[in-house]
Each structure stands twice: as C-alpha cells, then as structure tokens.
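Student: One structure, as structure tokens, below. Some questions next.
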Amino acid sequence: DVKVTQSSRYLVKRTGEKVFLECVQDMDHENMFWYRQDPGLGLRLIYFSYDVKMKEKGDIPEGYSVSREKKERFSLILESASTNQTSMYLCASSIWDRLNTEAFFGQGTRLTVV
Amino acid sequence: GENVEQHPSTLSVQEGDSAVIKCTYSDSASNYFPWYKQELGKRPQLIIDIRSNVGEKKDQRIAVTLNKTAKHFSLHITETQPEDSAVYFCAATYSGGGADGLTFGKGTHLIIQP
C-alpha cells in the first residue's frame, strides 16, 4: 500500500512565522505535489516536483516555496505566514509513468494562522 | 493553463437512484481525466479515470464518459448507496509521463437520501 504521510494533522501558527509542512512517501515515487483545499474552491496546485532538487510552480505559488532534498520528502514552506494561508494542505505523490498517473494523497494538514 | 468547471456543487438523490456529475475542461491537450472521492475527514482517493483515447469506462456501479470534441466528461453512479455520500472531484491534465499536476474542479457534494 502506498503511504503518504504528512507530519502534522493540525497546526496553529502566528502571522509572520515561518512554517514548514513536511510530507514523506514510502513508494519511491518520482513526483510529489502540494495542493491547497478550500471550501468551494476545490484543490489548487501550489508546487510540484519531479525529481530531487527540482521544483515547478503550480497555479497558486505566491507566498510559498518548496524543498526536495531527498526523493521521499517534499516540504512546503510559508516564509511569512498570513491569515489568508489558513487552509487544508494536501501532499500527493505519483509514479513517473505515462500510463499510470494515479496521485496518492496524504491525510492533510489543517493550518490555522492567527 | 487548464481550467476545469464542475456541476452541480451539491447533488441530493434518493438511495437507489442514479447520480450524474459533469465537468468541462478548457485545454485540448489534456488527455487524462480522473475522478476522486473524498469522504468526510478523509483524503481524496481515485475511484475511476479515463484517457482521451477512450470514450467510456465502467467499474461496477460507476462509469465515466468523455466527449473530446465538446471537452466534457461525466461521472455516473447507478443504484446509489449511503456509502456513496462524499465530495467528488473531477480533474484534468496532460499526462506525458512526467510530473503533471492535476487541475481539479471545485467539487460536488453528493448526498444520498435514505
């Protein structure tokens, strides 16, 4: 079974803090993604990575950065948290294969910025 | 970039009836269209997907149809059951074997009335 694990289920941070959200997958997947989920807006892609040290911007990268130093780990960084970044954050991973593109999601991190 | 519209946002059906959720996409290059189900408090999970070289795909009570010309695809659930209650997301992407982030619709909350 593919396992995608996010380090925290719930986080409360103060405005201006630097926040790290961690994601680890155990299936040797090349691709990893960070999505943000808000009611009525669905899932929106923040950043993705197809290899170690590689990263690509998604649809809403502003205010975020990412780090992928090891294949199994993909971190989302909020350089200076703001209240409009209060949201559910979902990490996902998938294999590099044009015929097999299923994305496996983590359980999510609900971040509240106060 | 890709834009995916999903309708309706909420769908209430009687148990045993059928449910249909519709999505349209904007990028003619998109060739992979998955559907994810998210139960309350849980992570999204893939339930069925279709590629652009196929017009219809079935898996027991669920089916997906794709009309490439009109750029729309639909999820059909027959003989609905209480466990079908969830939020359903459609998505689209170009799958060329790389890390292609999915563009999601905003979701449909399916309610099965007993």
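Student: Pairs of Cα atoms under 8 Å, at least six residues apart: use those to get the relative contact order of chain B, whole percent.
Tutor: Details: 282 pairs, mean separation 41.9, N = 114.
It comes to 37 percent, rounded to a whole number.
Student: Could you name the lysines in cross-link range of residue A:71, using Cα to Cα under 24 Å and dropping any fewer than eight places away on the same chain?
Tutor: Reachable lysines: A:3, A:18, A:53, A:55, A:57.
Student: Could you tell me which of A:106, B:81, B:111 has its Cα farthest along the dipole of the protein assembly as shown towards the positive end, charges placed at Cβ (Lys, Arg +1; Asp, Glu -1), taken about the Cα centre?
Tutor: Ranked along the dipole, the leading option is A:106.
Student: At most 10 other Cβ atoms within 10 Å and a DSSP loop assignment: could you name the GluC sites (Glu not before Pro) in the stretch A:55-89 that fit? Before the final figure, lay out the partial values.
Tutor: Details: sites: A:56, A:62, A:69, A:72, A:79; in loops: A:62, A:72, A:79.
Those satisfying the criteria are A:62.
Student: Tell me which residues come under 5 Å, amide H to amide H, from residue A:96 once H is placed; ignore anything under 5 positions away on its chain.
Tutor: Residues meeting the criterion, in which the H sits 1.01 Å from N, are A:30, A:31.
Student: Taking a probe of 1.4 Å and counting only protein heavy atoms, give the total accessible area buried between chains A and B in Å², rounded to the nearest 100.
Tutor: Working: alone 6600 and 6520 Å², together 11260 Å².
Heavy-atom accessible area buried at this interface is about 1900 Å².
Student: Would you calculate the separation in nanometres between label points at residue B:71 and residue B:111, each defined as 7 Å from the Cα along the Cα-to-beta-carbon direction?
Tutor: Taking the simple label geometry, residue B:71 and residue B:111 are separated by 3.3 nm.
Student: Report the charge-dipole magnitude of chain A in Debye, nearest 20, computed about the Cα centre from +1 at each Lys and Arg Cβ and -1 at each Asp and Glu Cβ. Please list the in-between numbers first.
Tutor: On the way: 16 positive and 16 negative charges, 78 e Å.
So the dipole magnitude of chain A works out to roughly 380 debye.
Student: Give the relative contact order (percent, whole number) for the stretch A:21-75; include only Cα pairs under 8 Å separated by 6+ residues. Walk me through the numbers on the way to the answer.
Tutor: Working: 98 pairs, mean separation 20.3, N = 55.
Once normalised by length, the contact order is 37 percent.
Student: Moving on to the next point. Quick check: pseudo-label points 7 Å beyond the Cα along Cα→Cβ at residue A:88 and residue B:81, how many nm apart are they?
Tutor: Each label point lies 7 Å from its Cα, and together they span 2.3 nm.
Student: Another question, then. Please give, to one decimal in nm, the separation of the simple spin-label points placed at residue B:3 and residue A:38, each 7 Å out from Cα toward the Cβ.
Tutor: My value for the distance between the label points is 1.7 nm.
Student: Per residue in the stretch A:84-114, which ones lose no less than 40 Å² of accessible surface when going from chain alone to all protein chains (1.4 Å probe)?
Tutor: A:98, A:101, A:102, A:105
Student: Rg and Dmax of chain A, Cα atoms, in Å?
Tutor: Rg, Dmax (Cα atoms, Å): 13.3, 43.
Student: What is the magnitude of the charge dipole of chain B about its Cα centre, with +1 placed on the Cβ of each Lys and Arg, -1 on the Cβ of each Asp and Glu, and no other charges, expressed in debye to the nearest 20?
Tutor: Numbers: 11 positive and 13 negative charges, 44 e Å.
Computed about the Cα centre, the dipole is about 200 debye.
Student: What is the Cα coordinate range of the stretch B:11-74 on the first, second and third principal axes, sorted by size from largest, in whole angstrom?
Tutor: 35, 26, 21
Student: For the protein assembly as shown, what % of the accessible area comes from carbon and sulfur atoms, probe 1.4 Å? Please list the in-between numbers first.
Tutor: Working: 5400 of 11260 Å².
C and S fraction of accessible area: 48 percent.
Student: Taking 0.36 nm per intervening residue step and subtracting the Cα-Cα distance, what contour gain separates residue B:51 from residue B:28 on full extension? Provide the component values of the computation, followed by the final result.
Tutor: Values: separation 23, 0.36 × 23 = 8.28 nm, distance 1.27 nm.
Gain on stretching residue B:51 to residue B:28: 7.0 nm.
Student: Keeping all protein chains in place, calculate the accessible area per residue for the stretch A:1-96 (probe 1.4 angstrom), answer in Å². Don't skip to the answer; put the middle values down first.
Tutor: Working: 4870 Å² over 96 residues.
Normalised by residue count, the accessible surface of the stretch A:1-96 is 51 Å².
Student: Cut-off under 27 Å on the C-alpha distance; same-chain residues fewer than 8 positions from residue B:68 excluded. Which lysines are left, in chain and number order?
Tutor: Here the lysines satisfying the reach criterion relative to residue B:68 are B:22, B:37, B:57, B:58, B:106.
Student: Could I ask something else about it? Given the convex hull over the Cα atoms of chain B, what projected area results after averaging over all orientations, in nm²?
Tutor: Values: hull surface 27.7 nm².
Its average projected convex-hull area is 6.9 nm².
Student: Continuing with this model, one more query. Taking all pairs of distinct Cα atoms, average 1/r, flip it, and tell me the Kirkwood hydrodynamic radius of the protein assembly as shown in Å to one decimal place.
Tutor: Values: mean 1/r = 0.0555 Å⁻¹.
About 18.0 Å, per the Kirkwood formula over Cα pairs.
The values are calculated or read from the model by the stated rules, or taken from the named source; none is laboratory data. Just so we're clear, the structure is a prediction, and the values are computed from it rather than from any experiment. When we count neighbours, we look across all protein chains shown, and the Cβ atoms used for this are built from the backbone with ideal geometry, even at glycine. Note: areas computed on protein heavy atoms with side chains; ligands, DNA, RNA excluded. Shrake-Rupley method; radii C 1.70, N 1.55, O 1.52, S 1.80 Å.
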